[in-house]
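Worksheet for the structure shown next.
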Amino acid sequence: MSTRTFALDGYGPRKRSAWNRLTARDSVVWRMDWIMLLSGTVLAVIGSLLVYSATRNRTELNQGDPQYFLVRHIISLIVGVALMGATVWLGHRRLRSAVPVLYGVTVLLALAVLTPLGATINGSRAWLNLGGGFTVQPAEFIKITVILGMAMLLAAKVDAGDREHPDHRTVLHALGMAALPIVIILAMPDLGSVMVLVMIVLAVLLASGASNRWVIGLCLAGALGAVLVWALGLLDEYQINRFAAFANPALDPAGVGYNTNQARIAIGSGGLTGKGLFEGTQTTGQFVPEQQTDFVFTVAGEELGFVGGGLILLLLGVLIWRACRIARESTSLYSTIVASGVIAWFAFQAFENIGMTLGIMPVAGLPLPFVSYGGTSMFAVWIAVGLLQSIRTQKPIAA
Amino acid sequence: MSNIPETGRTSRVTIRLIAIQVLVMSLLLTLGGRLWYLQIRNGDEYQKEAKGNHVQQVVEPAVRGSILDSRGVPIADNETRLVVSASRTELMKQDDEGEAVLERLAKVLGMEAKTVKQKVRLCDAKTPQPCWNGSPYQPIPVTDDAKPKQALQIRERSEDFPGITAEPEAVRRYAAPYGANTAQALGYLSPVTDEEIEKAKDTDSPFLPSDEIGRSGLERTYDSKLRGSSGVTRYEVDNLGRVMGEAESEKARPGSNLVTSIDSRVQAVAETQLDQAMKNARKEFDKNTGRNYKADAGAVVVMENKTGRVVSMASNPEYDPNAWVGGISGKEYAKLTGKDSNYPLLNRSIQGLSAPGSIFKVISTSAAVKAGYPFNGNYECSSDYKVGGQVFKNYESKGYGDIGLGRALEVSCDTVFYRLAHKEWKKDGGNMPKKGARDHFYKTAHQFGLGEKTGIDLPNEVSGRVPDREWKKNYWEANKDAWCKQAEDGGDNPSYAEKIAKENCVSGMKMRAGDSINYSIGQGDTLVTPIQMATIYGALGNGGTLYDPTLGKAVISPDGKTVNEIEPTSHGKLPLTKKTLGQMDKALQGVATRGSAAWRFGEAGWPQDKIKIRAKTGTAEVAGKQTTSWLATYTDDFTVVMTISQGGTGSGASGPAVRNIYDAMYGVGEDGGIDKKKALLPKPQAALPKISKDGTIVPQRDKRPADDGAKRRVAEPPAESPETRREAQAARHEGERQQRQRDGARQARTTLQIAGGERR
């Protein structure tokens, strides 16, 4: 361990004040990716406004308090940022040793969802009731632990310098490790999270340098799995309907297609500069269901227009671009894989979420990272940012 | 491990990282492109959709203004009725397209299921009446005469009647005060069509699908004023239709009321008298045709001389304008428009055409004076007049020797006018007309307003015709091919019709001597309407001004604050000097006292010394039909013109009726005494009805029992059979029974409204 690491931990030979340690030129804070942080923060601020706009009139949801959702959203945001700080402080390397435990805990939580402890929202049993009005969505944390778990397995031999690329056995282990939670989540069923997890697994395998055969095989397996799921009737009717409405948005505008149709009207009517914050007729009229969570982008589209929607896309782009830089500059395969997994997660989830509001993706229940209302998602996203920051701030182990 | 770079990564991983990066960025670019497509490319379209999404309109129909008579008595107003309507959009959603619901509804209403289904089907080229001609999105009235019990049944069992509503609604009522139905002058309403809605969309007065608009009569002419404007409340609503706020709204503005110059009491008398005169004529034997007179149609116009205001306007056959209210049934429609209906919808006062007969002679007299023949000159009144081989008879008159033009009018001597017309025709060149022929007889007719519409404030007035050279030429151009072909078909042995066709083919464009001669006594191709003759005789009575006849007298805003009086306007002056007018007036007095109408007036107890009456009788020949009876009369204040098609002679058929109308107006008794208390309208009603502070117009109703005047004066036919008397009585009882029923229904309705209120 380097002296700097000791300094970070407060055991360094040169005793510095906490403030000095944080502000010093070579400190963690100084070395963090501020562009990424700033993008994430601006997205979160925009998100807070959008959530407020979407919920201040929904008296049947906000229990008569227009700020009900806003306050909870900001609390979640603060907790999320704190979790990021904690992650950076711990460092991804130290977390590496805890991965098996974290993985086990999240899988158990996911299993608990399927027991009577779970709560069903919108036909999906994806929430765990914590009591006192608090619910948690274990699938969000599983995204992290699957990334970390696969990275740990796949990078173990390579980072130790034993092999150039992960061997087949390791890949098989890693896939098996990812498959267990995916099956559990599929049983919920939380199709959106399954799709994100599959993309994560794909990106992780790519980044790990696993043989092309695995990558191609996984793609084929994914396709086969989709066909099987369809053929065996594992999907609920509402999920099939979502796909049907995607294929033909004009289909029954009052029923299946209602959501997508209203979302598109909201966004389309925003025009270049939007109708102004809190001025959207689709939003105040509550024509778009789930507008503070899965369909939060419609608020931006309607009230802030192309300018606002474009800004969100730009900020997401900047954030992901910085994440890609971190992936490229990371010094170990482990951190490369972790960063790639997070990139795939953010990018695909954002694409699916915004894509479904724009009518180019089928509807699947997924929040927009950084923007949507929802505590678990917020925590998970900011922990992931913490992992990226930690990869950036932790210098390679001296060879 | 030389191939592991400083970062500890193989090139395979590096390449794949770049691939991931490119992939991820292209996803975001896809989103950006799609966002641009939705918001910038198609933004307008979505903005429209968003607007339609969150704004809901609630339409409050405007109450249509009333049409009142000159004393403020409503002749067309609104009453509340229980209307049962069916929504096609709702019915079409049902599996059997509403079949079962309509059958149940028919049972409740006691109607035939077929009738109900026909009423709610949409009209198109292949669907005969009854059918719905309005917007398919508008609830279609099935009946407007539901009993409260039926309405309650429909409301109580709303689950059995999806798409069916039973609501009290304001519907038009033609009240027929004093029994005056005034049908053709009032006109009727019918639902607005989709095309009309589309057409009026961007105008100042757009239509709503629920609107009814005036289709004829006063309802049509004054439609825009009577209709008012519907109120639209635009609510901003959320996804569940909950109201979030009110957007720009317009209040319903009720339509203005129209005060007319119609006096319903006089109207009632005129209608009864016309009808009675026609009935009597049908009992008269026509020697010319060897059968009784048909008297198939008739009209009478009572007009104020000095303003052109129409006091009453009756057209027979009549119909009940209430038949249109709430949608007309197929049977009813056929009765009004079918081949055998004799077209009661026609307003014969302004749409009935016939040759004027001798009442035209005032024009011929004027023409003669204009042509330089002195009024008091000597003109031979022989019993006939020969031109070439043709004999023109003195129809209504006999030989009187040499007489003046005034006396010629009095005794209606045809031959005097034949001679003058023939002379003028020859002066104008005869069969080889000069350039710039003076054509006095034709020009004068034009100056009297014939061949032109009078400009009355009723739609679809016809202009009639003056058969002058220009008309002859145009008529020949239009028909010569048919005539010449018919003449050719005749070959060497032509029939009478073919001979005529040949003559027409060769010289039909020419004004022949016979044309001019016939024309001078109002026979031949001349066509006039009763209203045209009324304006002419009115002008003779007012010193020469041809007023545009009007029924509308004032448009009064619903609050009573704005009163727009409709001022009399004229379309010309008679081309006569004061002297000639005076001479003519005197001659027409003579007609009433010692001329052709004397046996109806001067010699029948008319108080000519107190109320000077002028008259001119006319009996027009119509090829292939019985003669048309004409009687044109005026006093100092009023003009009365009556005509009966195929009714007989002027004084014979129309005389008693016109006399009775005057008797009623002036209160003239059988002995010739004047009872001012009984006089309905001895002077024109100049003042408008009183308007109370809340804007309602106070009707000045006669205290005497309704119909009294009319009944008392019904012209007794020479020998009234007991049957007709019984019929009249039965009809009267029927009217009373209906009135009682209406009152009963109104009471029941009030009860239902209260019941409905409690239920809510």
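Quick check on this structure: which one of B:GLN153, B:GLN138 is in a helix (DSSP H, G or I) and assigned by TED's automatic domain parsing to the domain that holds B:SER230? Give the steps one after another, and end with the answer.
Numbers: B:GLN138 fails: in a helix (DSSP H, G or I).
Selected residue: B:GLN153, the only one of B:GLN153, B:GLN138 that is in a helix (DSSP H, G or I) and assigned by TED's automatic domain parsing to the domain that holds B:SER230.
What are the residues in the range B:17-69 that are farther than 30 Å from B:LYS251 by Cβ and not in a helix (DSSP H, G or I), if any? Walk me through how you get there before you give the answer.
From the range B:17-69, those farther than 30 Å from B:LYS251 by Cβ are B:17-46; that's our starting set.
Result: B:ASN42, single match.
Can you tell me which condition A:SER330 does not meet? The list is (1) touching a residue at least 12 places away in the same chain (Cβ under 8 Å); (2) at the interface with chain B (Cβ under 8 Å from one of its Cβ atoms); (3) farther than 22 Å from A:LYS157 by Cα, and all the others hold.
So A:SER330 meets the others, but not (3).
Mind telling me which of the residues B:VAL411, B:VAL369, B:VAL362, B:VAL391 ends up being outside the structural domain of B:ALA534 (by TED's automatic domain parsing), out of contact with any Asp or Glu (no Cβ under 9 Å at 6 or more places or on another chain) and surrounded by fewer than 24 Cβ atoms within 10 Å (Cβ to Cβ)? Even if it seems obvious, please write down each step before you answer.
On the way: B:VAL411 fails: out of contact with any Asp or Glu (no Cβ under 9 Å at 6 or more places or on another chain); B:VAL362 fails: surrounded by fewer than 24 Cβ atoms within 10 Å (Cβ to Cβ); B:VAL391 fails: out of contact with any Asp or Glu (no Cβ under 9 Å at 6 or more places or on another chain).
Of the residues listed, the single one that is outside the structural domain of B:ALA534 (by TED's automatic domain parsing), out of contact with any Asp or Glu (no Cβ under 9 Å at 6 or more places or on another chain) and surrounded by fewer than 24 Cβ atoms within 10 Å (Cβ to Cβ) is B:VAL369.
Could you list, in sequence order, all residues of the range A:315-327 that are more than 12 Å from A:PHE346 (Cα to Cα) and within 7 Å of chain B (Cβ to nearest Cβ)?
Listed by number, the list holds a single entry, A:ALA327.
Looking only at the range B:374-388, how many residues end up being within 17 Å of B:GLY524 (Cβ to Cβ) and crowded, with 18+ Cβ neighbours inside 10 Å?
Number satisfying all stated conditions: 1.
Of the residues that sit in the range A:42-60 and are within 20 Å of A:VAL318 (Cα to Cα) and in contact (Cβ under 8 Å) with a residue 12 or more places away in the chain, which one is farthest from the other protein chains (Cβ to nearest Cβ)? If you could, list the steps in order and put the result at the bottom.
Taking the range A:42-60 first, the residues within 20 Å of A:VAL318 (Cα to Cα) are A:42-48.
Keeping just the survivors that are in contact (Cβ under 8 Å) with a residue 12 or more places away in the chain gives A:42-44, A:46-48.
Details: A:VAL42: 16, A:LEU43: 13, A:ALA44: 18, A:ILE46: 15, A:GLY47: 17, A:SER48: 21 Å.
Among them, the one singled out is A:SER48.
Considering only residues of the range B:183-210 that are outside any helix (DSSP H, G or I) and touching a Leu at 6+ places or on another chain (Cβ under 9 Å), which is nearest to B:LYS251 (Cα to Cα)?
Filtering the range B:183-210 for residues outside any helix (DSSP H, G or I) gives B:187-193, B:200-210.
After this cut, where a residue has to be touching a Leu at 6+ places or on another chain (Cβ under 9 Å) as well, the list is B:187-188, B:192.
Details: B:GLY187: 28, B:TYR188: 26, B:VAL192: 21 Å.
Only one residue fits best here, namely B:VAL192.
Identify the residue in the range B:435-490 that is closer than 29 Å to B:SER364 by Cβ and of a type in the set (Lys, Arg) and, among all such residues, is nearest to the chain's Cα centre (by Cα).
This residue is B:LYS453.
What tally of residues in the range B:31-44 results from selecting those that are surrounded by fewer than 22 Cβ atoms within 10 Å (Cβ to Cβ), at the interface with another protein chain (Cβ under 7 Å from one of its Cβ atoms) and not small (Gly, Ala, Ser)?
So in the range B:31-44, the residues surrounded by fewer than 22 Cβ atoms within 10 Å (Cβ to Cβ) come out as B:32-34, B:36-37, B:40-44.
Subsequent filtering for residues that are at the interface with another protein chain (Cβ under 7 Å from one of its Cβ atoms) retains B:32, B:34, B:36, B:40, B:42-43.
With not small (Gly, Ala, Ser) added as a condition, the list becomes B:34, B:36, B:40, B:42.
Adding up the residues that qualify gives 4.
Name every residue in the range A:259-287 that is assigned to a loop (DSSP other than H, G, I, E, B), touching a residue at least 60 places away in the same chain (Cβ under 8 Å) and more than 8 Å from chain B (Cβ to nearest Cβ), in order of residue number.
Once the filter is applied, which keeps residues that are assigned to a loop (DSSP other than H, G, I, E, B), touching a residue at least 60 places away in the same chain (Cβ under 8 Å) and more than 8 Å from chain B (Cβ to nearest Cβ), the range A:259-287 yields A:LEU277, A:PHE278, A:GLY280.
Looking only at residues that are under 26 Å from B:ALA76 (Cα atoms) and touching a Gly at 6+ places or on another chain (Cβ under 8 Å) in the range B:557-572, which one is surrounded by the fewest Cβ atoms within 10 Å (Cβ to Cβ)? Before the answer, list the steps.
First, the residues of the range B:557-572 that are under 26 Å from B:ALA76 (Cα atoms): B:557-569.
Still in the running and touching a Gly at 6+ places or on another chain (Cβ under 8 Å): B:557-561, B:566, B:568-569.
On the way: B:SER557: 19, B:PRO558: 18, B:ASP559: 13, B:GLY560: 17, B:LYS561: 9, B:ILE566: 18, B:PRO568: 17, B:THR569: 11.
For the range B:557-572, the residue satisfying everything is B:LYS561.
Counting only residues that are more than 7 Å from chain B (Cβ to nearest Cβ) and crowded, with 24+ Cβ neighbours inside 10 Å, how many does the range A:353-364 have? If you could, list the steps in order and put the result at the bottom.
We begin by selecting, within the range A:353-364, every residue more than 7 Å from chain B (Cβ to nearest Cβ); these are A:353, A:356-357, A:359, A:361-364.
Retained after the next criterion (residues that are crowded, with 24+ Cβ neighbours inside 10 Å): A:353, A:356-357, A:363.
Here the count works out to 4.
State yes or no: is B:GLU49 within 8 Å of chain A (Cβ to nearest Cβ) and either surrounded by fewer than 20 Cβ atoms within 10 Å (Cβ to Cβ) or touching a residue at least 24 places away in the same chain (Cβ under 8 Å) (or both)?
Values: within 8 Å of chain A (Cβ to nearest Cβ): yes; either surrounded by fewer than 20 Cβ atoms within 10 Å (Cβ to Cβ) or touching a residue at least 24 places away in the same chain (Cβ under 8 Å) (or both): yes.
For B:GLU49, the condition - within 8 Å of chain A (Cβ to nearest Cβ) and either surrounded by fewer than 20 Cβ atoms within 10 Å (Cβ to Cβ) or touching a residue at least 24 places away in the same chain (Cβ under 8 Å) (or both) - is met.
Please verify whether the range A:291-309 includes one or more residues that are small (Gly, Ala, Ser), buried (at least 24 other Cβ atoms within 10 Å of the Cβ) and either free of Cβ contacts under 8 Å to residues at least 24 places away in the same chain or farther than 16 Å from B:ARG34 by Cα (or both).
The answer is no; no qualifying residue exists.
Give the number of residues within the range B:320-355 that are of a type in the set (Phe, Trp, Tyr) and touching a strand residue (DSSP E or B) at 6+ places or on another chain (Cβ under 8 Å). Full working, then the answer.
From the range B:320-355, those of a type in the set (Phe, Trp, Tyr) are B:324, B:333, B:343; that's our starting set.
Those left that are additionally touching a strand residue (DSSP E or B) at 6+ places or on another chain (Cβ under 8 Å): B:324.
Here the count works out to 1.
Quick one: how many residues across the range B:310-342 are exposed (fewer than 15 other Cβ atoms within 10 Å of the Cβ), modelled with pLDDT of 85 or more and not in a helix (DSSP H, G or I)?
Counting residues in the range B:310-342 that are exposed (fewer than 15 other Cβ atoms within 10 Å of the Cβ), modelled with pLDDT of 85 or more and not in a helix (DSSP H, G or I) gives 2.
The values are calculated or read from the model by the stated rules, or taken from the named source; none is laboratory data. Model, not experiment: these values are computed from the prediction. In this analysis, Cβ positions are derived from the backbone assuming ideal geometry, glycine residues included, and neighbour counts consider all displayed protein chains.
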